[in-house]
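Asker: Got a structure for you, questions after.
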Amino acid sequence: MTKFISDRLLVFGATGDLSRRMLLPSLCALDAEGLLNPGIEIVGTARSDLDDQGFRNLVRESLEQFLPANRRGGMATFLNRLSYQPLDASQAEGFQSLARKVGAPQDGLSIFLSTAPSLFEPTIRGLEKSGLAGAQVRIGLEKPLGVDLASSRIINDAVAAAFPEDRIYRIDHYLGKETVQNLLALRFANLMFEPLWNAAHIDHVQITVAETVGLEGRVAFYDDAGALRDMVQNHMLQLLALVAMEPPVSYDATNVRDEKVKVLRSLRKVQTSETVIGQYRAGAIGGQAVPGYDEELGKPSNTETFVAIKAHIDNWRWQGVPFYLRTGKRLPRRTTEIVVQFRDVPHSIFTGRGARTVPNRLVIGIQPSENITLSLMAKVPGLDREGFGLRSIPLAITTPDAFAGPQRRIAYERLLLDLIEGDQTLFVRRDEVEAQWDWIDSIRIGWAEQRLEPKTYTAGSWGPSAAIALAERDGVTWHE
Ligand code: BG6
């Protein structure tokens, strides 16, 4: 892998929402901590007709809005690193001026590309023709990278024509989250979980990504995508892969991704009856009335804003262990968590004394609270005259309490730094993306064949009742 620490960064979509909320605040914070190349120059580009000063003003406003005041120390220096070049990426001519603006990097250039799918190919072509795709250039790609396997292959082929895989950084921002990386530490830096981490000892796994937000103004994008493609195809399958993968040889890009892709390829094709889709109707969240999806959209739609899936991984480790996945918009609270439900003890010595054991459960809270809770059985203190008392008690660790010092960071800080420094471990490889799409496509084909329509659910509830039934018919209750 080429190792260079870029001294130039080129951000496409620089005036857009992602850039203003996440990318520029992340870069400013990294710069203030001295983590970027001291000579780094950052060029923003988008359609908007701005000059350097206009762009800096826009960035200043964004930083004031989205970066906490205590992390804005280096703002003036950071703003001076910025310049801007307007570009209509569908027209080849503009790329020459863009290349002039970027100039010749000394140590290398990193590009962050987040663009409408229709602009991918012309953008890559423009970069190549204008000399912005050479050996010292890496490219970070933000989703959506296609809408299915076929379209993702077209995009991947277009990028591969100009950049080799070891200079392509496909972003899944969940991998930038500290708590997601902590899954690997939990599994592979401790002895106690791994011997139990298999079908012999685990009954099932639940992965929930619940959001309270609705459409957030992303009308056209979301209505074309839906929850399956927006959240399951990428973030949830990455979480599943990290939970289910074999121990990698070492913590590096090749070995970690080799193990993840094996899991993704082992996903069994899902029956439509093992999926539930929903769409929210008007309701209330946290005491606030919110409109229904069709009202937000302004027209009726068949797009799912909720999906629940019973997934299976066909390999030795996980045979017979269901992975229940669910995600949705306008659910009662924002939470991402993984629940590993262990099996019961093979034989309880306490039954004769009237006590019942409850199987152990490991709950890994990813967000908003970062915590790990292991439920254990313990004896209820007492003289046991009325039988032996057993109760499930939590062994709980809240990560921010355990690590009081370190800063809470935006996921993109980590990812941008890794892009600039050239570490692909937390980026998604082409074979992973394709395995993810392959599985997702098969679900969508099933839905289309059976003309599945989303069931309605009230905003502020946990989705359609059929999602509860999906788990309950296996005797499983969703963790709430
Ligand atoms: C994005 C989806 O990838 O992830 C959004 O497009 C979703 O619809 C977001 O809201 C959730 O990210 P996070 O980090 O807030 O959980």
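Asker: Among (1) outside any helix (DSSP H, G or I); (2) modelled with pLDDT under 95; (3) acidic (D, E), there is one condition D423 misses while meeting the rest; what is its number?
Answerer: All conditions are met except number (2).
Asker: For K269, all conditions in the list (1) without any contact (Cβ under 8 Å) to a residue 12 or more places away in the chain; (2) part of a loop (DSSP other than H, G, I, E, B) hold save one; what is the number of the exception?
Answerer: With respect to (1) without any contact (Cβ under 8 Å) to a residue 12 or more places away in the chain; (2) part of a loop (DSSP other than H, G, I, E, B), K269 is out only on (1).
Residue by residue, here is whether (1) in contact with a Ser or Thr (Cβ under 9 Å, 6 or more places away or on another chain); (2) within 16 Å of the ligand (Cβ to nearest atom) holds:
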| position | (1), (2) |
| --- | --- |
| V307 | yes, yes |
| Q319 | no, no |
| Y324 | yes, no |
| T327 | yes, yes |
| I349 | no, no |
| G352 | no, no |
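Asker: When the residues of segment 205-231 are filtered to those that are part of a helix (DSSP H, G or I) and within 11 Å of the ligand (Cβ to nearest atom), which remaining residue is modelled with the lowest pLDDT?
Answerer: Filtering segment 205-231 for residues part of a helix (DSSP H, G or I) gives 219-231.
Now restrict to residues that are within 11 Å of the ligand (Cβ to nearest atom): 221-222, 225-227, 229-231.
Working: F221: 88, Y222: 94, A225: 95, G226: 97, A227: 98, R229: 98, D230: 97, M231: 98.
The extreme case among them is F221.
Asker: Any chance segment 64-77 includes a residue that's under 16 Å from V11 (Cα atoms), touching a Pro at 6+ places or on another chain (Cβ under 8 Å) and crowded, with 18+ Cβ neighbours inside 10 Å?
Answerer: If we filter segment 64-77 for residues that are under 16 Å from V11 (Cα atoms), which is where we start, we get none.
Within segment 64-77, none of the residues are under 16 Å from V11 (Cα atoms), touching a Pro at 6+ places or on another chain (Cβ under 8 Å) and crowded, with 18+ Cβ neighbours inside 10 Å.
Asker: Can I ask one more? Would you check which residues across segment 131-146 are of a type in the set (A, V, I, L, M, F, W, C), within 16 Å of the ligand (Cβ to nearest atom) and at pLDDT below 95 and list them? Don't jump to the end; show me each part of the working.
Answerer: Pass one, segment 131-146, residues of a type in the set (A, V, I, L, M, F, W, C): 132-133, 135, 137, 139, 141, 145.
Narrowing the set further to residues that are within 16 Å of the ligand (Cβ to nearest atom) leaves 141, 145.
Within segment 131-146, just L145 meets the criteria.
Asker: Among the listed residues V147, V159, identify the single one that is of a type in the set (A, V, I, L, M), touching a helix residue (DSSP H, G or I) at 6+ places or on another chain (Cβ under 9 Å) and without any contact (Cβ under 8 Å) to a residue 60 or more places away in the chain. Don't jump to the end; show me each part of the working.
Answerer: On the way: V147 fails: without any contact (Cβ under 8 Å) to a residue 60 or more places away in the chain.
Result of the check over V147, V159: V159.
Asker: Going by the conditions given, is A200 closer than 28 Å to P346 by Cβ, away from the ligand (no atom under 16 Å from the Cβ), more than 18 Å from the chain's Cα centre (by Cα) and small (G, A, S)? So that I can check it myself, show each step before the final result.
Answerer: Working: closer than 28 Å to P346 by Cβ: yes; away from the ligand (no atom under 16 Å from the Cβ): yes; more than 18 Å from the chain's Cα centre (by Cα): yes; small (G, A, S): yes.
Yes, satisfied.
Asker: Which of the following residues is more than 13 Å from the ligand (Cβ to nearest atom) and buried (at least 17 other Cβ atoms within 10 Å of the Cβ): R281, R268? Walk me through it before giving the result.
Answerer: Values: R268 fails: buried (at least 17 other Cβ atoms within 10 Å of the Cβ).
Residue meeting the stated conditions: R281.
Asker: Ok, one more. Which condition from (1) surrounded by fewer than 19 Cβ atoms within 10 Å (Cβ to Cβ); (2) among the polar types (S, T, N, Q); (3) within 16 Å of the ligand (Cβ to nearest atom) is the one that N234 breaks?
Answerer: For N234, the exception is condition (1).
Asker: A further question follows. Any chance segment 172-192 includes a residue that's away from the ligand (no atom under 11 Å from the Cβ), at pLDDT 95 or above, under 30 Å from P300 (Cβ atoms) and surrounded by 14 or more Cβ atoms within 10 Å (Cβ to Cβ)?
Answerer: no
The values are calculated or read from the model by the stated rules, or taken from the named source; none is laboratory data. Being a predicted model, the structure only gives us computed values, none of them experimental. Here Cβ is always computed from backbone atoms with ideal geometry, including for glycine, and neighbour counts include all displayed protein chains.
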